[in-house]
Amino acid sequence: MKSDSKPPAISVIVPLYNREKFLPQLFSTIESQTFRNIELILIDDGSEDRTEQWLAENTKALSFPLIYHKQSNAGPYAARNKGLKLAKGEYIAFQDSDDEWPEYHLSALYDVMKKNPKIDWVFGSLKRIDHETREVCEESNLFRNDVVHPFLKLPAKAVANCDGFFVIDDHRIGEFAIKYSVPGSTQCALIRKSVFDFELFDETYRTAYDRFFAIRLALKRFTFAYTMETHQIYHIHDSHISLVADSSPEKLKKSALTMIRGYSSLQELTTCESERNAIKQRLAHVYAWELSMACSQKKEYKSAAAAMIKAVTLYPRNYLFWRSLLVSFFRFAIHPLSN
């Protein structure tokens, strides 16, 4: 375990929870970085496996300063906030223990931030692969069927002295972030540490808050830049807590309620009618196509109908909502004691 009195340029923060089997991959991806002026902060969120023992046995080989902190289980966002309190770097990079960075990740993003002090958050593309086979499942989260992500259709300017990077320059950034989300996850980004003087992670969430954290920063008019180059290799495997596809109806319902809570919390930050309307549309979508559907799968037909009523109330111009509302009423009529 190395230590250094000189403050690092970048603090890399990684929450851990029962991740012993992924630690060799984590150390490998950190050691592969061509940018060397970093510190690694590992926040162990109450692991019950051999995470602590593995680190004690293997950190001598690490060529970067390491801070290890173990706490009672409080969730990944509490772990990140603790890491931020310990961080000494001017810039913050977050990583998950089971994912990878290309070797140029920190170097390229640091170069952008150092040369452009008005940029607060710079991100790249995320590639998804199967953890076991390494087969590419999605080449880039910035494209779908050769169509660029809608958020990136906002006008942007080339970043000075940094080829291939663009800074978003449009007052509609908050509206677009609400409608489409910010495609760059926290793990494929570099963020100026001063940003966290204004916004920390909400520790009451266990999943999905990355989305709302980025939207909140967009609504507060922090400056985002991006590149189409891959900066994160995301591993798909069964133990990912963020996966909801093919989940049980109960998990889908919980996910929908988290989305409703998150989008509702953004209302206090809106500054114009277009942003408020964007929130209404997103909430209507979640009520109709996520919460109502999950309740129907659970045979909670009264709750499904109530969710559709909420969707129609929020966004009455969508005729599909009305049609689905009639279907919900019919199901509840023939199953009146469903819930």
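The numbers here are math on the coordinates, done by the rules we state, and not lab data. From a predicted model like this one, the values you see are computed outputs, not experimental measurements. Counting neighbours? That spans all protein chains shown, and the Cβs are built from the backbone with ideal geometry, glycine included.
Once you have the Kirkwood Rh of the range 249-334 from its Cα pairs, apply Stokes-Einstein at 20 °C and 1.002 mPa s and quote D in µm²/s. Using the Kirkwood radius from Cα pairs, D works out to 166 µm²/s. Taking Cα atoms only, the orientation of helix 105-115 departs from the longest principal axis of the chain by about 90 degrees. Summing +1 for each Lys or Arg and -1 for each Asp or Glu among the other residues whose beta-carbon sits under 14 angstrom from that of residue 70 gives -3. Taking θ as phi - 60° and the Karplus parameters 6.51, -1.76 and 1.60, the scalar couplings of the range 305-316 work out to 5, 5, 5, 5, 4, 4, 4, 5, 5, 6, 9, x Hz in sequence order, x denoting glycine and proline. Measuring between their Cα centroids, the range 29-63 and the range 89-117 lie 17 Å from each other. In this structure, the amide hydrogen of residue 16, modeled 1.01 Å from its nitrogen in the peptide plane, lies closer than 5 angstrom to those of 43, 44, 45, counting only residues at least 5 positions away or on a different chain.
Per-peptide packing, taken as the mean over residues of other Cβ atoms within 10 Å, places 28-34, 108-114 in the sequence 108-114, 28-34 from highest down. For residue 169, the shell of other residues with beta-carbons less than 12 Å away shows a net charge of +3, using +1 for Lys and Arg and -1 for Asp and Glu. For residue 154, no residue has an amide H sitting under 5 Å from its own, ignoring neighbours fewer than 5 places away on the same chain, with H placed 1.01 Å from N. Kindly express, to the nearest 10 degrees and within the range 0 to 90, the angle between helix 249-265's C-alpha long axis and the longest C-alpha principal axis of the chain. Result, in degrees: 80. Once the Cα atoms are used to define both axes, helix 319-334 deviates from the longest principal axis of the chain by about 70 degrees. Ranked by the mean number of other Cβ atoms within 10 Å of their residues, highest first, the peptides 64-71, 276-283 come out as 276-283, 64-71. Residues in the range 21-28 carry Karplus couplings, in order, of 5, 9, 4, x, 5, 4, 4, 5 Hz; the curve used is 6.51 cos²θ - 1.76 cosθ + 1.60 with θ = phi - 60°, and Gly or Pro positions show x.
Each of 59, 227 was scored by other Cβ atoms within 10 Å of its Cβ. Listed from fewest to most, they are 59, 227.
Peptides 185-191, 142-148, 117-123 ranked from most to least packed give 185-191, 117-123, 142-148, packing being the mean of other C-beta atoms within 10 angstrom over each peptide's residues.
Listed values for the range 160-169 are Karplus-derived 3J(HN,Hα) couplings in whole Hz (6.51 cos²θ - 1.76 cosθ + 1.60, θ = phi - 60°), namely 4, 6, 9, 4, x, 10, 9, 10, 6, 9, and x replaces Gly and Pro.
Taking amide H as placed 1.01 Å from N in the peptide plane, the amide H of residue 138 sits under 5 Å from that of 128, each at least 5 places away or on another chain.
For the set 179/251; 115/157; 220/310; 60/85, the pairs lying more than 19 angstrom apart at their alpha carbons are 179/251; 220/310; 60/85. Suppose we keep just the DSSP beta bridges with both residues in the chain; what percent of those would be antiparallel, to 5? Around 40 percent of the beta bridges assigned by DSSP in the chain are antiparallel ones.
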